[in-house]
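Participant: First the structure, which I've put down as C-alpha cells, then a few questions once you've had a look.
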There are 2 protein chains.
Amino acid sequence: MKNRKSVIRLSRYKNELDRFKTQGAVRVFSNDLADAVGVTASQVRKDFSLFGISGNRRGGYRTDELIAKLKKILRKDEVQKVIIAGAGNIGTALMQYNGFAQQGIQIFAAFDIDPLKCRQVGSIMVYHMDKLERFVRDNGIHIGILAVPESSAQHVLDVMVSAGITGVMNFAPIRLRAPEQCVINSVNLIPELENVIYFSSAAREHSG
Amino acid sequence: MKNRKSVIRLSRYKNELDRFKTQGAVRVFSNDLADAVGVTASQVRKDFSLFGISGNRRGGYRTDELIAKLKKILRKDEVQKVIIAGAGNIGTALMQYNGFAQQGIQIFAAFDIDPLKCRQVGSIMVYHMDKLERFVRDNGIHIGILAVPESSAQHVLDVMVSAGITGVMNFAPIRLRAPEQCVINSVNLIPELENVIYFSSAAREHSG
C-alpha cells in the first residue's frame with residue numbers, strides 16, 4: 001500500500017542517493033540503500049516496485065535514473081510553493097532553515113496576526129494574516145505549514161482550506177477538523193523526546 | 001523487539017489513554033487503542049506483551065492501571081530533567097511549549113553562546129554556553145536537546161556527552177558522531193513535509 005510510511009521511506013532513499021551520488025556512485029544496490037536507511041533490502045525493493053521502479057539484483061539501479069524517478073514521484077521535479085501561517089518562534093525557525101530550497105521546497109510567504117511580525121525574514125515576506133486567503137488563491141498554493149498558537153489553529157486552518165490548501169504540516173498540539181480531501185500531518189515532538197528518554201535510561205540502567 | 005517504533009507507539013497509547021480517562025472510561029480494549037492510534041489491535045497486544053503488560057480480551061485493561069504501567073515504562077513516574085543547548089528560534093519555541101510539563105518533562109535550563117540570549121524565558125534561565133558542562137554534571141542531567149546551528153552542533157554535542165548526557169534530541173541537519181552509549185534522535189521535518197506534498201498532490205490529481 002502506498003501509505004505514509006512508504007512515502008517517508010522514499011524521501012529517505014532519495015536523501016541517501018544524493019549522498020551516494022556526491023561520493024561518485026554510478027550504481028547502487030538495494031543493500032546499500034537498506035543499510036543507509038536502516039531497513040531490509042527486500043523492503044527497499046518492495047517499496048520501489050510499489051511505485052513502479054524496477055532494477056535488477058545483479059546490476060542494481062543507476063543512481064541518476066533512480067534519483068530522477070524518486071524526484072518525480074515525490075513531486076520534486078517541480079518547485080513546491082509553501083506558505084507558513086504564524087511567524088512566531090517555530091514559523092521563524094522554518095523561514096530561516098535553508099534545507100527546504102535544496103529539496104525543491106520554496107517558502108513563498110508567511111502570515112501573522114501581529115503587525116510587528118509583518119516584516120521580511122531573509123528573503124521571505126511576512127504579511128498580515130488578513131492577506132492569507134487572497135494570497136493563497138492568487139498564487140495557486142496548495143501546501144501550508146500551521147505554526148500558530150493552539151487557540152487560533154482551527155480558525156486559521158479553516159481559512160487555509162477555504163483558500164485552496166489541501167496539505168498541511170501542523171505544529172499546534174491539538175486535533176484539527178478538516179475536510180477529507182485535506183491531508184494534515186501533525187508534528188509532535190513529545191514522543192520523539194520520550195524515545196530518547198526511554199533508550200538512554202535503559203542504557204544507563206544496563207551499564208550501571 | 002523493543003525498538004524505536006514500539007516505544008513511540010507506547011507514548012501514543014499513553015496519550016490516548018489520558019484522553020479516554022478524561023472521558024470517564026474505566027476500562028479500555030485493545031481495539032479502542034488500535035483505532036485511536038491507527039494500528040491493528042493485535043499490534044497493540046503485541047506491544048503490551050513485549051513490555052510485560054497483560055490484559056484479557058474479554059475485560060480489556062483497567063485504564064488507570066494501564067496508564068500507571070506505561071508511565072513507569074516510559075520513565076514518566078519521575079520528573080525528567082532536560083537541558084536545551086541553543087536559545088535561538090527552535091530553542092525558544094521549546095522553552096515556551098507547555099506540553100512538556102504535562103508529560104513530566106522539565107526543561108531545567110538552556111544555554112547559548114550569545115550573551116544577549118542569556119536571559120529568563122518564562123520560568124527557564126538561559127545561561128552562557130560556558131556553564132553547560134558544569135551545570136549538567138552538578139545537576140545529574142542525562143537528557144539534552146541540541147538546537148544550535150549546524151556549524152557548532154558537533155562541538156556542543158561533545159561537551160554535552162563529556163558532561164554526562166546520554167540522550168539527545170537533535171535539530172541540527174547534520175550527521176553527528178557520538179559514543180555508542182549516547183542515544184541521538186535527529187528530528188528532520190523535510191520528510192514530514194514531503195509526505196504532505198505527496199499525498200495532497202495525489203489527492204488533487206485524483207479528483208481533478
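The values are calculated or read from the model by the stated rules, or taken from the named source; none is laboratory data. On a predicted model such as this, the values are computed, not experimentally measured, just so you know. Counting neighbours? That spans all protein chains shown, and the Cβs are built from the backbone with ideal geometry, glycine included. All accessible areas refer to the heavy atoms of the entire protein, side chains included, with ligands and DNA or RNA removed. Shrake-Rupley method; radii C 1.70, N 1.55, O 1.52, S 1.80 Å.
Participant: Tell me whether the range A:122-144 contains one or more residues that are polar (S, T, N, Q) and in a helix (DSSP H, G or I).
Facilitator: no
Participant: Just one of the numbered conditions (1) within 14 Å of chain A (Cβ to nearest Cβ); (2) open to solvent by 20 Å² or more (accessible area, probe 1.4 Å); (3) out of contact with any helix residue (DSSP H, G or I) (no Cβ under 7 Å at 6 or more places or on another chain) is not true of residue B:142; which one?
Facilitator: Against the list (1) within 14 Å of chain A (Cβ to nearest Cβ); (2) open to solvent by 20 Å² or more (accessible area, probe 1.4 Å); (3) out of contact with any helix residue (DSSP H, G or I) (no Cβ under 7 Å at 6 or more places or on another chain), residue B:142 comes up short only on (3).
Participant: Kindly state which helices (runs of 4 or more DSSP H) lie completely within the range B:1-90 and contain at least 3 residues that are charged (D, E, K, R), within 14 Å of chain A (Cβ to nearest Cβ) and under 30 Å from residue A:90 (Cβ atoms).
Facilitator: B:4-22
Participant: If we scan the range A:98-121, do we find a residue that is assigned to a loop (DSSP other than H, G, I, E, B), at negative phi, surrounded by fewer than 18 Cβ atoms within 10 Å (Cβ to Cβ) and within 14 Å of chain B (Cβ to nearest Cβ)?
Facilitator: Yes, the range A:98-121 contains at least one residue that is assigned to a loop (DSSP other than H, G, I, E, B), at negative phi, surrounded by fewer than 18 Cβ atoms within 10 Å (Cβ to Cβ) and within 14 Å of chain B (Cβ to nearest Cβ).
Participant: Go through the range A:162-205 and count every residue that is at the interface with chain B (Cβ under 8 Å from one of its Cβ atoms) and touching a Cys at 6+ places or on another chain (Cβ under 8 Å).
Facilitator: Qualifying residue count for the region: 4.
Participant: Condition first: more than 19 Å from residue B:167 (Cβ to Cβ) and either among the charged types (D, E, K, R) or in contact (Cβ under 8 Å) with a residue 40 or more places away in the chain (or both). Can you find one or more residues in the range B:37-46 that meet it?
Facilitator: yes
Participant: Does residue B:66 count as under 15 Å from residue A:192 (Cα atoms) and crowded, with 20+ Cβ neighbours inside 10 Å?
Facilitator: Taking the combined requirement at face value, the residue does not satisfy it.
Participant: Could you please tell me which pairs satisfy a Cβ distance under 6 Å, a separation of 6+ or placement on different chains, a first residue in the range A:64-90 that is polar (S, T, N, Q), and a second residue that is in a strand (DSSP E or B)?
Facilitator: So the pair list comes out as A:80/A:105.
Participant: Right, another one. How many residues are assigned to a helix (DSSP H, G or I), open to solvent by 20 Å² or more (accessible area, probe 1.4 Å) and within 23 Å of residue B:102 (Cα to Cα) when one looks only at the range A:149-178? It would help to see each step written out before you state the result.
Facilitator: Initial filter on the range A:149-178 (assigned to a helix (DSSP H, G or I)): A:150-163.
Now narrow it down to the ones that are open to solvent by 20 Å² or more (accessible area, probe 1.4 Å): A:150-152, A:154-155, A:158-159, A:161-162.
Cutting the leftovers down to within 23 Å of residue B:102 (Cα to Cα) gives us A:150-152, A:154.
So the count comes out to 4.
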